[in-house]
Each structure stands twice: as structure tokens, then as C-alpha cells.
1. Going by the structure shown, is residue 203 surrounded by 22 or more Cβ atoms within 10 Å (Cβ to Cβ), among the hydroxyl-bearing types (Ser, Thr, Tyr) and touching a strand residue (DSSP E or B) at 6+ places or on another chain (Cβ under 9 Å)?
2. Out of region 126-140, which residues are assigned to a helix (DSSP H, G or I), out of contact with any Leu (no Cβ under 6 Å at 6 or more places or on another chain) and more than 14 Å from residue 244 (Cβ to Cβ)?
3. State whether one or more residues within region 208-218 are among the charged types (D, E, K, R), assigned to a loop (DSSP other than H, G, I, E, B) and surrounded by 18 or more Cβ atoms within 10 Å (Cβ to Cβ).
4. Checking the conditions here, which among 248, 219, 253, 283 is in contact with a strand residue (DSSP E or B) (Cβ under 9 Å, 6 or more places away or on another chain) and either farther than 26 Å from residue 119 by Cα or touching a residue at least 12 places away in the same chain (Cβ under 8 Å) (or both)?
5. Inspect all residues belonging to region 65-86 and state whether any of them is part of a loop (DSSP other than H, G, I, E, B), of a type in the set (Phe, Trp, Tyr) and under 29 Å from residue 311 (Cβ atoms).
6. For region 350-365, which residues satisfy the criterion of being crowded, with 18+ Cβ neighbours inside 10 Å and not in a helix (DSSP H, G or I)?
7. State all residues of region 233-258 that are outside any loop (DSSP other than H, G, I, E, B) and charged (D, E, K, R); if no residue qualifies, say none.
8. For residue 425, all conditions in the list (1) among the aliphatic types (A, V, I, L, M); (2) within 30 Å of residue 615 (Cα to Cα); (3) modelled with pLDDT of 85 or more hold save one; what is the number of the exception?
Amino acid sequence: MNVPRLHPDTIEQVKQRADIVDVVSEHVVLKKQGKDFVGLCPFHDDKSPSFSVSPSKQFYYCFSCGAGGNAVKFLMELGKRNFGDVILELAKKYQISVQTLQVEERQELQRQLSVREQLYEILAIAAKFYEHALHQSGGRAALTYLRDDRKLSAATIGQFGLGYAPGGWETLHNYLVEQKKYPVALVEQAGLVVPRKTGDGYYDRFRDRLIIPIHDLQGRVIGFGGRTLSNEQPKYLNSPETELFDKGKTLFGLDKARAAIAKRDQAVVVEGYFDVIALHTAGITNAVASLGTALSMAQVRQLLRYSESKRVVFNFDADRAGVQAAERAIGEVAALAYQGEVRLHVLNIPDGKDPDDFLQSHSANDYQALLDDAPLWIDWQIQQVLLHKDLKQADHFEQAAVEIVSLLGNLPNPNLRTHYIQHAAELLSQNNSRLMPQIEENLRLQVRGQRWHGRSQKWQTPGDRTLLEECESQLLRIYLQSPEHRSLITEALEAQDLDFSLSHHRFLWRQIQEIQTDHQPQNLMERLRDRCTEFPREMNQVYALFELDEKTQLDVLRSPLVIRSALAGMEQVMCDKRRRHFLDLWKVTDCVATPELGQYYVQKMQAEEQRLRELDRQRRTNFVDLVKVPLEQSI
């Protein structure tokens with residue numbers, strides 16, 4: 001919305017009320033350190049916590065990049081937003097009355113704020129309507145389902161505000177629009193009715209469904225989940241995205257769970273509404289659920305605000321869909337987990353049961369015992385790698401070893417890496433004391449190679465650097481001088497998983513990306529030149545790319561051919577490095593004791609050599625084309 005001029009009193013109240021820790025912790029995982037909090041800086045690629053937040057000073061500061069300020073500045077810088085927008089957001093958050101300088105502006109602002117309040121009101125009335133309908137004759141089947149199938153008491157049904165949407169097409173519509181006199185546009189905006197495709201009227205979104213209200217942290221209804229009572233699809237239907245309801249940022253039950261999460265210093269994330277309800281009924285009140293979507297980083301960060309030790313347990317179903325959901329959720333927070341910023345555990349209940357099923361025949365203490373014993377996420381992932389694999393078969397062994405190395409290579413802590421390398425060696429050797437030392441050593445070498453890949457110069461020759469210098473320079477020069485080919489270069493780098501290896505080229509590429517996030521690519525060259533005054537040493541190494549001579553002008557004119565040739569050259573260097581890496585591993589492998597590992601390294605070398613031959617042929621063909629193709633055909 002357009003932000004009116006705000007009264008100085010409103011601005012001052014917001015600055016006084018906005019707590020820096022409260023604001024920052026919604027976006028940064030903070031750990032207590034003495035009187036202050038620390039975390040990874042969101043304004044640069046921070047590898048170790050250099051970002052400090054002081055509650056006493058109400059100030060943040062990064063000792064690495066120098067970013068600093070109060071809560072208002074933090075939100076402005078983080079979201080690239082203007083001052084007025086941030087003040088209004090914080091005013092809503094802390095329930096501060098907003099005053100503006102002009103009467104007309106104040107009226108418009110109040111009108112816009114009033115829409116939100118009316119939406120809250122409509123949703124609250126709808127929730128009461130559904131609750132009432134559950135206890136009428138039409139809701140008998142839904143109530144029986146809750147009591148008999150789900151074994152829920154009247155107290156639990158009331159605590160979660162469960163209800164029933166009648167089967168008629170316009171029952172709720174008529175109640176809200178005809179009886180309560182709410183504008184139908186607002187009822188639609190609340191996600192409760194849907195316009196007919198014919199353009200003639202509206203119908204209820206939820207019909208003949210069991211209704212579960214979804215609340216925000218203040219306990220206000222912001223949406224609903226509806227479970228079918230027949231064979232209608234989908235089985236669960238959620239409210240659409242609205243001004244109040246964002247599925248990716250909402251966790252079902254968090255309004256009821258956050259105090260218990262803080263008290264138990266642990267959050268439990270499950271898959272469904274009724275898993276949360278069953279756990280809360282059993283006294284496990286630190287449980288929440290995502291809303292039919294993959295768990296997002298924003299949702300995890302919400303949970304971390306309430307747990308000092310940052311312990312989160314994913315308890316998804318043990319079937320294929322549940323395992324995939326757990327893997328997606330782990331992938332979402334992997335960066336935090338690898339850095340130890342979240343203590344992530346994964347629980348799969350035996351016999352493939354979900355929490356609701358388990359609690360039908362077990363006690364809350366039994367479930368709590370499973371939670372306490374839930375393995376760390378990386379232990380769980382190793383278990384998944386080994387599941388259904390016969391390690392006596394060479395291909396199964398090879399696949400397991402490669403996947404485990406990929407996991408362990410990302411661990412930043414050397415002691416943790418050593419622990420898991422030893423643990424993985426025990427599993428892969430199946431406790432064969434003769435094989436275990438060799439497998440452990442091979443894993444260690446592979447993990448080291450995994451960590452060096454793309455970052456280390458260990459297998460780089462002088463010829464590699466010369467070829468990379470030429471190829472990377474050609475790509476960057478064309479990117480700067482030929483705007484119509486920029487998307488081609490970006491897409492090709494992403495598709496082939498290539499990056500700039502030389503430090504001065506990486507620096508220039510970062511500057512290009514930063515400038516282009518400002519959505520002014522037409523000023524790219526001019527703005528890059530301006531940065532020479534900020535980074536004179538780095539820019540001096542790449543400034544030649546800004547000028548064209550006879551040869552480089554020809555490269556730009558024949559951009560598509562030069563781009564293909566440069567990409568092939570960069571990939572050629574990477575392939576050759578990997579080939580030499582696997583050759584080194586093969587040389588130190590006892591191929592008698594572990595023939596499958598020796599064979600694995602040979603296969604990897606052969607694959608890289610084959611790719612090198614393909615790339616060499618491709619570069620020779622490109623060279624011939626560059627020489628033969630007339631200039632006018634390349635323009």
C-alpha cells in the first residue's frame with residue numbers, strides 16, 4: 001500500500017517498542033553469548049558468527065562487513081524496503097496506533113488497516129459457524145469420526161475449535177453475506193468463498209468437510225484446513241494464500257506449542273493436523289505441523305526462536321512420501337545443520353506408524369522415549385543410504401560409499417568428520433576388522449577430495465591456469481560487452497555446474513551479480529567502473545576486460561561460438577583435475593583387500609577420460625568453426 005507521512009510520535013513509539021533481538025531473531029539464528037547474541041551475518045557470506053546483537057544497546061553490528069544499526073535499519077537493509085513500510089510493519093507487530101500528518105492520509109491508512117481487522121472478524125465468525133454446525137444433525141458423521149475414529153474428547157475438540165462445513169453450496173456464503181451483511185468481496189478475500197466460473201455468484205470453498213482452524217501466534221484464526229468425509233479429492237483442502245494466511249510461513253499449532261517448546265527446549269515437527277492434535281492431547285504439547293507444503297527455512301527459523309539449544313525433531317511418516325518429505329526438509333536447513341546452528345534429529349516410528357497411530361496403542365512416555373533416542377539427521381541419512389543395499393555387491397557398495405562421502409564432505413568440523421568417517425567405515429566393512437582400516441582410509445581420502453573439489457589447487461597444473469585464464473576472460477568479456485548473450489552465459493554456467501575458479505574473476509562475477517540485483521543491468525559497465533575506486537587492487541586485475549582490441553572485438557562478434565569453446569575449456573580443466581584426483585586415490589588403495597574400491601576409482605578415471613576426449617573434440621570443432629565461419633555469419 002502507499003505509505004502516508006507518519007506522525008513523529010508514531011515513529012518514536014515504534015523505535016521505543018521494537019526489540020532488536022525479537023526482530024533480528026525472525027531472520028537470523030541467534031545464540032546467547034554473555035550479555036549479547038551472535039549469529040551468521042545476513043548481509044554477506046558469513047562462514048563463522050561475526051554478527052552481534054546487543055539487547056542493552058538495541059543495536060546490531062557485524063565485525064566482518066561493518067553492517068550495523070537499530071531494528072528499523074535492519075529490516076530496511078535486509079528487505080531493501082523504505083522507512084515508512086518498515087515503521088508500519090513494526091507498528092502492526094507491536095499493536096501501536098498509527099498517526100499521520102494529514103487527515104485524508106490518516107483516513108486512507110485506517111481504511112486499509114480496517115480491511116485486515118474485518119478479515120480477522122469474518123474468519124472468527126466463520127470458525128464459530130463451523131463449530132456450531134459440528135454439533136447439529138448435519139455434523140453428526142463428522143462428530144462421530146472425531147470421537148470414535150480419532151478418539152478425541154469434547155475438551156480436545158473444543159480446544160482446537162474443530163468444526164464442520166455443511167454440504168450445501170452456499171450455506172456459509174448466505175450466513176456471512178445475507179445474514180451478517182459482510183461484503184462478498186471481503187468474504188472472498190478471506191478465502192471462504194469462490195466465484196463461479198460462469199461469473200454468476202459464489203459458492204463455499206469448504207463443503208461437507210471436517211474443519212480445522214489455523215491460528216497465528218496471537219491465536220487469531222487466519223485460515224482453515226478441511227478434511228473430506230467422503231471420497232472427494234483432495235483429502236485435505238487448505239485455505240488459499242490471503243493477506244493474513246501464508247502457508248510457507250505458518251506452522252499449525254505453534255500458537256499452542258511455543259511455550260512448551262521453550263520449556264522443553266525442543267520442537268517436534270510432524271506431518272498432519274491430527275498428529276499435532278493427538279500429541280497435544282497426550283501431553284506432548286511442543287508439536288507443530290507444516291501445512292501440506294515442504295517445510296521452509298522461514299518455518300524452521302520460527303521454531304528456533306523458542307529453543308535455546310536449537311533442538312528440532314522431524315517426525316514424518318516412515319513411508320516413501322514421508323522419507324522424501326524428511327529429506328526435503330533436511331535440504332532446506334542443511335546449511336544451518338552443517339554449521340551446528342540447529343540440532344536436527346529425525347524420528348521414524350517403528351512399523352511405519354505416524355504419531356496419531358502410535359498413540360492409539362502406546363503411552364506418551366513411550367513416544368517421548370522415541371523422541372529422546374531419535375538419531376541426528378546425518379545418522380538418519382546414513383541409515384537411509386544403507387537401507388535395502390547389499391554391501392557384498394560391488395555396485396551397491398560403490399553407490400553407498402559415494403553417497404556417504406557426499407554427506408560427510410560437507411561437515412565443517414574436523415572432529416565430527418573423523419567420528420563419522422570411522423562410523424561409516426564400521427558400517428561399510430560390516431565389522432570386518434581386516435577391511436575396516438583400509439575402508440576408513442579410503443573414505444578419509446575421498447572426503448578430503450570432496451572438500452577440495454572446486455576449491456583446492458592440489459591437482460591444478462600451470463597449463464590449467466593458463467587455459468582457465470583464457471576461457472574465463474572470454475566469458476566475462478562477452479558478458480560485459482554483449483548484453484544480449486548474458487542470459488545464455490548464466491544459464492550455461494548453471495546447467496553445467498561451472499563456476500569461475502580464478503580469484504579475480506570470482507570477484508568480478510560477484511560484483512556483477514550484486515549490481516544486477518538492483519534491477520539496473522543497463523548501467524552494468526558504468527557501475528562496475530565506479531567500483532574501481534572502492535576496490536582498486538581487485539579491479540586492476542580485471543580492467544582489461546572492459547576494453548576491446550582487434551582480437552577481443554572479434555570474440556564478441558562471434559559470441560555463440562566463443563561461449564561454447566570457453567565453457568568446454570573450463571569443463572576440461574575440471575575433468576582433468578578430477579581424473580588426477582581419482583588416480584591418486586587409486587594409487588594408495590589396496591586393491592586386493594578392497595577390490596570394489598579399486599574398481600570404483602578405475603571406473604571414475606575412465607569416465608573422466610571419456611569426457612575429456614569429448615571436450616577435446618568439441619573444442620577442436622569450435623576452433624575450426626571460428627577460423628572458417630565468415631565474420632558476417634557470426635554477427
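The values are calculated or read from the model by the stated rules, or taken from the named source; none is laboratory data. Computed from a predicted model, the values in this text were never measured in an experiment. No Cβ is skipped: glycine too gets one built from the backbone with ideal geometry, and neighbour counts run over all protein chains shown.
1. Considered against the rule, which asks whether it is surrounded by 22 or more Cβ atoms within 10 Å (Cβ to Cβ), among the hydroxyl-bearing types (Ser, Thr, Tyr) and touching a strand residue (DSSP E or B) at 6+ places or on another chain (Cβ under 9 Å), residue 203 comes out as no.
2. 128, 129, 130, 131, 132, 133, 137, 138, 139, 140
3. Going residue by residue through region 208-218, those that are among the charged types (D, E, K, R) are 208-209, 216.
Those still in the list that are assigned to a loop (DSSP other than H, G, I, E, B) too: 208, 216.
This time we only want the ones that are surrounded by 18 or more Cβ atoms within 10 Å (Cβ to Cβ), so: 208.
Yes, there is a match, as at least one residue in region 208-218 is among the charged types (D, E, K, R), assigned to a loop (DSSP other than H, G, I, E, B) and surrounded by 18 or more Cβ atoms within 10 Å (Cβ to Cβ).
4. 253
5. no
6. 354
7. Within region 233-258, the subset outside any loop (DSSP other than H, G, I, E, B) is 236-238, 247-249, 252, 254-258.
Passing the criteria: 247, 249, 255, 256, 258.
8. Looking at each condition in turn, residue 425 falls short on (2).
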